[in-house]
Amino acid sequence: MFQRSEYQIIKKRIEEPRKFIQVVMGPRQVGKSTVVRQVLADISQPYSMFTADAVPAGNLFWISECWETARRKMKTEGAEEYILVIDEVQKIDSWSEAVKKEWDADTFNDVNIKVVLLGSSRVMLDYGLADSLMGRFERIVMPHWSYPEMREAFGFSLEQYIYFGAYPGAAPLIDDENRWLEYITGSIIEATINKDILQGVKVMKPALLRQAFELASAYSGMELSLTKMMGQLQDAGNVTTLAVYLELLGEAGLVRTLGKYSADVARKRNSVPKYQVFNNALKNIYCGKRFGEAIADSRLWGRLFESAIGAYIINGATAGRYKTYYWRDKTGREVDYVLEKNGQLLAIEVKSNTDDSNSGLGEFRKQFKNAKALVVGEGGLKAEDFLQINPVELM
């Protein structure tokens, strides 16, 4: 069975002496539970794994019951240490207080239970971690799958990765595009919005949130002001509400906004946003064309190509600890993506076969002398090569 790179990280931390709670977080359907099960199957320590999927949110004692079960099994088996795994922990009300109580009790009583928590809702997880568990945990963030992973695990071509995206659960369905679309819509989009956002955050206008997601995903790789976006949405609202909803969609691993790069921090925050999906499947279900038709439409394929490169870039931002922007000057010259880390800049222009200019790179480097520049695609680094490189290594 294919193993993601996070397998080694999780295994190493589980085998270390008990010190921190390990929190494995990431979007839906990226393999969090699978990789933890792979680790558990390969270690010698006894363990128990529970999931809160079907547990009522108001069952405030469920976490304590899981913990007590682990303690009893550890004692019965005469084990020196024990692994407790709780999946979708954020679904339980006041979960972080319950985890803190049990973890601190084990620490006080020298009970060597190591704990792994898994969750899909970064919004709800981060709130609980910051609220009660400060100093007691480490994060392991699992991003969406990369092109090399999809190629190795499912035999994806570059074109298939660009169009069908990188959800492993959807990979076996690509020969039946209607079935693939239904999976992305129901198992990914609706599940994320309904369970990871609406159940954990008070959203006054759910219809506006859904419409914002659809429009932002369709515009992935493109710019659109919040005012103009609001004008295209049917549900009435205001720009501030829309900005909050877009932030929630970004935290859920669906689509995020990129600001325009500027040396002035205020201008970065107030710029017209560029939208970018985390997984190209989320854009392409709205492109209106099937796989073969999309490849034949060179203009459309160029947009899908740029969005796929952008998805790879933003998925690497957490582990690489860099910020991502775009850039455009008053004359319309632009750079598709700008990466910033510790004062270093990398300007990336994405070029499909239909592009014939990258003058924006030259102008950007004139204005920002320390910037490095890279073309991905036609006339530059091949997409297949770029998608196997950690962008930080190019800075």
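Listing for the model above:
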read-out	value
Estimated [θ] at 222 nm from DSSP helical runs (n ≥ 4, -39500 (n - 2.57)) normalised by residues in the chain, nearest 500	-12000 deg cm²/dmol
Aspartates and glutamates with Cα under 12 Å of Lys73, excluding same-chain neighbours fewer than 8 positions away	Glu81
Carbon and sulfur %, accessible surface of the chain computed with the full protein complex present, 1.4 Å	48 percent
Of the chymotrypsin sites (Phe, Trp or Tyr not before Pro) in segment 1-79, those whose Cβ has at most 16 other Cβ within 10 Å and which sit in DSSP loop	Phe2, Phe20, Phe61
Accessible area (Å², 1.4 Å probe, nearest 10) - Met395	20 Å²
Exceeding the 20 Å Cα-Cα cut-off - candidates Lys341/Lys382; Lys260/Lys369; Lys32/Lys91; Lys202/Lys283	Lys341/Lys382; Lys202/Lys283
Beta bridges per DSSP with both ends in the chain, % antiparallel, nearest 5	35 percent
Most mobile of Val35, Val141, Val239 in a GNM of the chain (Cα contacts under 10 Å)	Val239
Estimated dipole of the chain in Debye, rounded to 20 [Cβ of Lys and Arg +1, of Asp and Glu -1, Cα centre]	1060 debye
Accessible area per residue in Å² at 1.4 Å probe, computed on segment 191-293	46 Å²
Net +/- balance of residues flanking Ala294 in space, Cβ distance below 14 Å, scoring K and R +1, D and E -1	0
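The values are calculated or read from the model by the stated rules, or taken from the named source; none is laboratory data. As the structure is a computational prediction, the values presented were derived from the model and not from experiment. Cβ: placed from backbone, ideal geometry, glycine included. Neighbour counts: every protein chain shown. Side chains included, ligands, DNA and RNA excluded: accessible areas come from the protein's heavy atoms. Shrake-Rupley method; radii C 1.70, N 1.55, O 1.52, S 1.80 Å.
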